[in-house]
Amino acid sequence: MKKGTPNYLIIFCVLLYTSVFTQTPPAPSNKKWERVEILSDEFEQESLDEKKWDDYHPQWVGRQPSAFKKGNAYVEDGYLKLKSTLKKHPSTVNNPLKDVWVNSAACVSKGWDAKPGYYYEANFKASSLSMTSSFWFRVGKFSEIDVIEHIGNPSIEKRQKDLPFKYGANTHYYGKHKGLDNKKASWTMPTRGRDDFHTYGLWWKNKNELIFYYDGKEVMKIKPRVPFDEKLKMIFDTEVFPFAQAGIPSIGLPKVKNLNDPTKNTMLVDWVRVYELKDVSTFTDEVSFNTKPVSLTQNKKYTFNVNYKASTDREIVVGFYKDNKFVASKVEKVTKGSGLKTVNVELPELPVVGNGYNYKLHIRPLNTTWREAIDNDEVNNVTIVTPFKQLVSNGTYFITSGLNKQRLLARALESHSARMHNPASFDDQKWIFKHLGNNTYTINNKGTKRFLEVSNKKCVNGANVTTWKSASDSHQKWKIVENGNGVYGLKPLHCKNLGLDVSDGAIDANVQIWNYKTGNDHQKWKITEIVTVNKKSSVTNNFKSLVKNEERVSFFPNPSKDVLFVSKLKIGDQISIYNLQGQELKRIKTTDVKEGIAIDNLSKGMYLIQINNNSIYKFIKN
């Protein structure tokens, strides 16, 4: 037992640690990890459990100039201790590299119980010797797995910088596979292995995959050169490596003074735990929200992902509430088992932006009510926020002053400066807007292929605006804001307190940037989309239907902001909404003679609405 700890507290801590702090990988669906007792040990007993372990290596004497000494592996103070000691002074042997002068230690499982599919983890602190502190598997016919062979304190001083931090894993091949090169992996630990206890894990996932862990975190993998499908023994040991061999670099012989120092010569194993995957035979009915956002964008439909476990076929119900009053819900059926279920809740109307919302979840027997709920989850203090609105869609536009009706252009004639000019159809008056996010854009002149920018990155009143070949910097990107009804302000991203300005309202003059003020007519810009009609489009081919079938249906309101209502329909009519380039944006099939179509996600502008691939009408989105 660990010194100074009462018996009853040790038992409690062992149970708690085992149940709460195990570091197994996530179990696959319908599986769980169960402890394999024959290979697991907390080392809390008075002595080494002889039913599980040998305190020496029955099949090997050790690596010269060390040899395993029976009894050098023992249990004391709640640890498995593997002590390396001085057998004789190295000066008394003929060859210190080959003649045995170090007593090393080994603890080996009794049976050949280690096999693919198990997860193995050991919590230990390495010795402070120029020897290995190892956790490994062998004594089969052809394979060896080294989870870690750690050098705690190499005698070669220059190796102090790397080896005490190295987590080295390896595979070796023998018997019918003799001659194959070993296959290894390594990872640098954040601290030295001799300084503290850490957990080193191996998931022998299958015969072709080995995954290694450090304190529960996956750090490396090895795919063996041949299938590792034989049963092995589990081994803890210490060894001297007189020169580079078996995947261990040259580390130097252990120092005599360290072998005689009990604070340095011992590898301490706190525990070893082994697990195997078992089928989950029964389920308790459980539900929980997979994510729990407390801020939702204003919408009429919300999607919730639900984690569930069901002992038989069940109903999952998600409800939406305002001030704890029911708004809407959705019931979904799940079959026996576990998984992730997507539930879509449709609200009767758009929720008001603000606080006081919550959403709830429960699981219940089929065809019952909330009163029979078996398990539930709930998220309170939810806020509905205004959805993001992209002010300008990607496309080609004229930029027109709201003050003097002239357009912005840039051409080589004026050294690519951005100037005002009377409207014309030339490409140097056309600008390609590309949305970068959060209503920030690059603005590219169609005629010159150059990007609108503030000259020399200046951020002062009166700085000229020009164009450049690329748009990688913030002074070449523009934040667009609303500045009145259907007009906008353009602010350079590198100094957003300034805005694109028709200086003094001048005609045929360069544009500049000045302090931005909402309502300043010099900084109001109309951004008008340039529509290219595709004569092959079914939409433009049917444009004559606009007049011919004008009496067929009614639209209101027009212009519309959030919802466009269409009446005088027939049940089963197909309604499609297009932009002026002929791209279909929405399609619905009517279930009533009057339909409300949500258009809040459309950008401002003109759109076409088509009924049954025939009649076409215009409407405006505000």
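The values are calculated or read from the model by the stated rules, or taken from the named source; none is laboratory data. Bear in mind the structure is a predicted one, so any value in this text is a computation, not a measurement. So basically every Cβ, Gly included, is an ideal-geometry build from the backbone, and we count neighbours across all protein chains shown. The area values use the complete protein model at the heavy-atom level, side chains included, leaving out ligands, DNA and RNA. Shrake-Rupley method; radii C 1.70, N 1.55, O 1.52, S 1.80 Å.
Go through the range 430-488 and give me each residue that's small (Gly, Ala, Ser), in contact with a Leu (Cβ under 9 Å, 6 or more places away or on another chain) and not in a strand (DSSP E or B). Within the range 430-488, Gly447, Ala471, Ser474 meet the criteria. Could you look through the range 261-278, keep only residues that are assigned to a strand (DSSP E or B) and of a type in the set (Asp, Glu), and pick out the one that is surrounded by the most Cβ atoms within 10 Å (Cβ to Cβ)? Among residues in the range 261-278 that are assigned to a strand (DSSP E or B) and of a type in the set (Asp, Glu), the one surrounded by the most Cβ atoms within 10 Å (Cβ to Cβ) is Asp270. Restricting attention to the range 156-199, the residues that are aromatic (Phe, Trp, Tyr) and under 33 Å from the mean Cα position of the chain (by Cα) total 4. Counting only residues that are in a loop (DSSP other than H, G, I, E, B), in contact (Cβ under 8 Å) with a residue 40 or more places away in the chain and of a type outside the set (Ser, Thr, Tyr), the range 97-128 holds 11 of them. Being surrounded by 14 or more Cβ atoms within 10 Å (Cβ to Cβ), in contact with a Phe, Trp or Tyr (Cβ under 9 Å, 6 or more places away or on another chain) and at positive phi is a property that Gly395 has.
Within the range 105-116, being under 40 Å from the mean Cα position of the chain (by Cα) and open to solvent by 20 Å² or more (accessible area, probe 1.4 Å) holds for Trp112, Asp113, Lys115, Pro116. Of all residues in the range 82-100, none satisfies being out of contact with any strand residue (DSSP E or B) (no Cβ under 9 Å at 6 or more places or on another chain) and under 19 Å from Tyr56 (Cβ atoms).
Restricting Ser281, Ser288 to residues that are modelled with pLDDT of 95 or more and surrounded by fewer than 18 Cβ atoms within 10 Å (Cβ to Cβ) narrows the list to Ser288. Just checking, does the range 321-343 include any residue being in contact with a helix residue (DSSP H, G or I) (Cβ under 7 Å, 6 or more places away or on another chain), touching a residue at least 60 places away in the same chain (Cβ under 8 Å) and farther than 30 Å from Thr383 by Cα? Looking through the range 321-343, none of the residues is in contact with a helix residue (DSSP H, G or I) (Cβ under 7 Å, 6 or more places away or on another chain), touching a residue at least 60 places away in the same chain (Cβ under 8 Å) and farther than 30 Å from Thr383 by Cα. Pairing residues of the range 58-87 that are free of Cβ contacts under 8 Å to residues at least 60 places away in the same chain with residues that are part of a loop (DSSP other than H, G, I, E, B) and open to solvent by less than 10 Å² (accessible area, probe 1.4 Å), at Cβ distances under 8 Å and at least 6 apart in sequence or on separate chains, gives Lys69/Ala105; Asn72/Ser84; Asn72/Ala105; Val75/Phe43; Lys87/Trp101.
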